[in-house]
1. Any idea which of (1) touching a Leu at 6+ places or on another chain (Cβ under 8 Å); (2) facing chain B (nearest Cβ under 10 Å); (3) not aromatic (Phe, Trp, Tyr) is the one residue A:191 doesn't satisfy?
2. For segment A:109-134, name all the residues that are open to solvent by less than 40 Å² (accessible area, probe 1.4 Å) and under 22 Å from the mean Cα position of the chain (by Cα).
3. Would you mind telling me which numbered condition in (1) within 30 Å of residue B:2 (Cα to Cα); (2) more than 7 Å from chain A (Cβ to nearest Cβ) residue B:166 fails?
4. So if I check each of B:161, B:185, which one is touching a helix residue (DSSP H, G or I) at 6+ places or on another chain (Cβ under 7 Å), at pLDDT 95 or above, loosely packed, with under 14 Cβ neighbours inside 10 Å and facing chain A (nearest Cβ under 9 Å)?
5. With the condition kept exactly as written, say whether any residue in segment A:173-180 is within 12 Å of residue A:11 (Cβ to Cβ) and within 7 Å of chain B (Cβ to nearest Cβ).
6. Going by the conditions given, is residue B:164 out of contact with any Ser or Thr (no Cβ under 8 Å at 6 or more places or on another chain) and acidic (Asp, Glu)?
7. Among the residues of segment B:99-110, how many are within 14 Å of chain A (Cβ to nearest Cβ) and modelled with pLDDT under 95?
8. Give segment B:140-158 a look and list any residue that's over 20 Å from residue B:109 (Cβ atoms), open to solvent by less than 50 Å² (accessible area, probe 1.4 Å) and either touching a strand residue (DSSP E or B) at 6+ places or on another chain (Cβ under 7 Å) or hydrophobic (A, V, I, L, M, F, W, C) (or both), or say none.
Protein chains: 2
Amino acid sequence: MVQGTLYIVSAPSGAGKSSLIQALLKTQPLYDTQVSVSHTTRPVRPGEKQGEHYYFVSKAEFERMINEDAFLEYANVFGNYYGTSREMIEQVLSTGVDVFLDIDWQGAQQIRNKMPQTRSIFVLPPSKEELDRRLRGRGQDSDEIIAGRMAQAVAEMSHYAEYDYLIVNDEFNTALMDLKTIIRAERLRLNRQKLRHDALITKLLAD
Amino acid sequence: MVQGTLYIVSAPSGAGKSSLIQALLKTQPLYDTQVSVSHTTRPVRPGEKQGEHYYFVSKAEFERMINEDAFLEYANVFGNYYGTSREMIEQVLSTGVDVFLDIDWQGAQQIRNKMPQTRSIFVLPPSKEELDRRLRGRGQDSDEIIAGRMAQAVAEMSHYAEYDYLIVNDEFNTALMDLKTIIRAERLRLNRQKLRHDALITKLLAD
């Protein structure tokens, strides 16, 4: 069976990463590409479904999983845990599906250490002005809050060089095409193709 | 200046490699993708132009170049030399153009040793039957000659696993699209993008 590829996608907020991943999933069938569903201890919000938006678990359960090394990466954000289950990811990958993980540079580093065959993509905004405009949102936040968001965006972007691919999200459809191009090219790599065309290769090389 | 990428393309005869490269070059502008022009000591044939089909040089000149380590790879085929000039390749790459090299596994090995950043693509035929049919050509050759060609094709194919990418040339337009996908994805890799978007990145990371 051909293994899927695990993709990490990181970006500062305001770069359009989530819209890109959403759009990508809409054009790819589920047996082909999926987005990873995280575990979390934060409370369920109205409309959220167990196993669809998150796997909602108790703090005790999450900490048991940490102790069992069940997470490829996890973080504690304002008192709530968020993590990526190794078993969930490996199960989906084993069916040949490519999995997308939407995480920050810290999660990316943890995953690269545990699964070196992961491919990583960093998405940049087209300009500082556009990033600033997007971080301002509806203009209801103070300058200090905006400055804090910008500082966080710059901190995230300072890790761009740790990624395999770099996409500049200037024109949305071009950036989406770039994302698809990367997935298609990765499927043409020797290791994927070798398994996919195993029978053909055996026949071609037979005397 | 962004450096171009050097691509090696190898395949057994009958896999359709030359048609693929020809078709690729027709759809890409010259400032974007070019095919490498080899040096050779074989006589000029009618219609061939110096510097377009080959750089035609004397045996003494070719051997002087060998001694000066001027070739990324060279071979002697039935008494004639064929080689790829390092200077020619590096000159074109330095202008940001991707260069395609149509060579066999032996040349590919020599080039990988001298330029490890080279990307290599192996093209396979869709089936043994189709390969056999293509090697028979117009049916004017003896079974022994056909068997010899098949043995040579199998010997070439036995090196497929030394390449970065594998394309199965079943449907021509799909294989051509695969080739283009690889080139586009390689251009999205960090090192290429880092140079291309140098000014943007500097601005985004500035305080």
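The values are calculated or read from the model by the stated rules, or taken from the named source; none is laboratory data. These numbers come from a predicted model, not from an experiment. Cβ coordinates were reconstructed from backbone atoms using ideal geometry, including for glycine residues, and neighbour counts include every protein chain displayed. Heads up: the accessible areas ignore ligands, DNA and RNA and are worked out on the full protein's heavy atoms, side chains in. Shrake-Rupley method; radii C 1.70, N 1.55, O 1.52, S 1.80 Å.
1. Looking at each condition in turn, residue A:191 falls short on (1).
2. Once the filter is applied, which keeps residues that are open to solvent by less than 40 Å² (accessible area, probe 1.4 Å) and under 22 Å from the mean Cα position of the chain (by Cα), segment A:109-134 yields A:111, A:115, A:118, A:120, A:121, A:122, A:123, A:124, A:125, A:126, A:131.
3. Here residue B:166 clears every test but (2).
4. B:161
5. No, every residue in segment A:173-180 fails to be within 12 Å of residue A:11 (Cβ to Cβ) and within 7 Å of chain B (Cβ to nearest Cβ).
6. no
7. Qualifying residue count, segment B:99-110: 0.
8. Across segment B:140-158, the qualifying residues are B:146, B:150.
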